[in-house]
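The structure appears right after this line, and notes come after that.
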Amino acid sequence: MKKRCDAVFEGGGVRGIGLAGAVYQMERNGYTFGNVAGSSAGAIIAALLAAGYTGEEIYEEMKRVNYFKFKEKHFIDYFGIIGKLFSILFHFGIYSADYFEQWLTELLSQKGVYTFGDLKCGSHTGHCKYKLQVTASDITDEELLVFPRDLHKFGIMADMYPIAKAVRMSMSIPVFYEPFILRDQSGKKHYIVDGGMLSNYPMWILDEGTTEPQYPIIGFKFWEPKECTTLCKCSRMNIVEYMGQLVSTMMDVYDKGYIAHSQGDLQRSIQIPVHITINGTYQKIRATDFAITSEESQVLFQNGVNAATEFLQRWDFHEWKEKYRLSGKK
């Protein structure tokens, strides 16, 4: 029997392969996905699910993609660290995300999906008006955006806006990728970057934490044990890597605080390890490890499968509601 759930996906770059593994295992256990939300890589998974892809199909596409093409260079980027610094200076990012947008547009088109208007939820209103919600960060106005509902701030009709562009904004890791530029109705430029800068695990989009959800809202997030953090840190890094590490650290601060004070979010989260072991070597997969091998990819996918399996062994939606939502009504 099919069991519906809504889902929220954390950002994590190439580690999104692990998200696909968890989705695949959920589907094998009879779950289907309704409303979905995500940030960065989580926005990619959410968009593909909303368009009708299965977890297995997503993983097959991830195996086919050449991740190096996601690092589309400018001419000056070929001049080593100096070139990258100049690229950051002139373009506010090392790489262009044009190839990524084309790739996602093609995948969505194979399911007949192009704009948010293709993902309407019929008579639903509010955050459920569209099956998909993704976060982005407006660094001009220092504001967290949720697309498609915040597109009106730029005079844009949500129904007509390409999903691939919104996801591109959500996954534009600062320093690594150039920001996306949106102009508001006054002509002012807004520089839009990765949604993970302000909320990398946006459970609050689908559940504000007080009402009783009709369906389970499952979170898919990454987990890194402390020993992995200690073992995997580089003892030496250049200035570009240092800037990237600063951004990476900032991206999780908001959500760690949110989860610490939330009611039951961690208990409804599938926690996918970001470390893998191959031939006895213990290593961490970073968000920007675009040189990931097929073997590493397979292990990371299996991490997602295993995490979902462990979650389903203990998960009970009715018990969760009884403890975190219904107890206050008695």
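The values are calculated or read from the model by the stated rules, or taken from the named source; none is laboratory data. Treat the numbers as computed from the prediction; the structure is a model and nothing was measured. Methodologically, a virtual Cβ is constructed for each residue, glycine included, from the backbone with ideal geometry; neighbour enumeration extends over all protein chains shown. Please note that ligands, DNA and RNA were not included when accessible areas were found on the heavy atoms of the full protein model with its side chains. Shrake-Rupley method; radii C 1.70, N 1.55, O 1.52, S 1.80 Å.
For the stretch 306-328, the condition holds for no residue, the condition being that it is at pLDDT below 85 and acidic (D, E).
For T135, indicate whether it is among the β-branched types (V, I, T) and open to solvent by 30 Å² or more (accessible area, probe 1.4 Å). In short, no. No other residue among L119, L89, L85 is modelled with pLDDT of 95 or more and either crowded, with 19+ Cβ neighbours inside 10 Å or on the phi < 0 side of the Ramachandran plot (or both) apart from L119. Within the stretch 263-288, residues that are more than 20 Å from I44 (Cβ to Cβ) reach partners that are part of a strand (DSSP E or B) and open to solvent by less than 30 Å² (accessible area, probe 1.4 Å) with beta carbons closer than 7 Å, at six or more positions or on different chains, in the pairs D265/G219; R268/I217; R268/I218; R268/G219; Q283/I276.
Can you name every residue in the stretch 163-208 that is more than 15 Å from D138 (Cα to Cα), open to solvent by less than 10 Å² (accessible area, probe 1.4 Å) and of a type outside the set (D, E, K, R)? Hits for the stretch 163-208 are I163, A164, Y201, P202, M203, I205. Of the candidates I285, I292, I259, the single residue that is at pLDDT below 90, β-branched (V, I, T) and touching a His at 6+ places or on another chain (Cβ under 8 Å) is I285.
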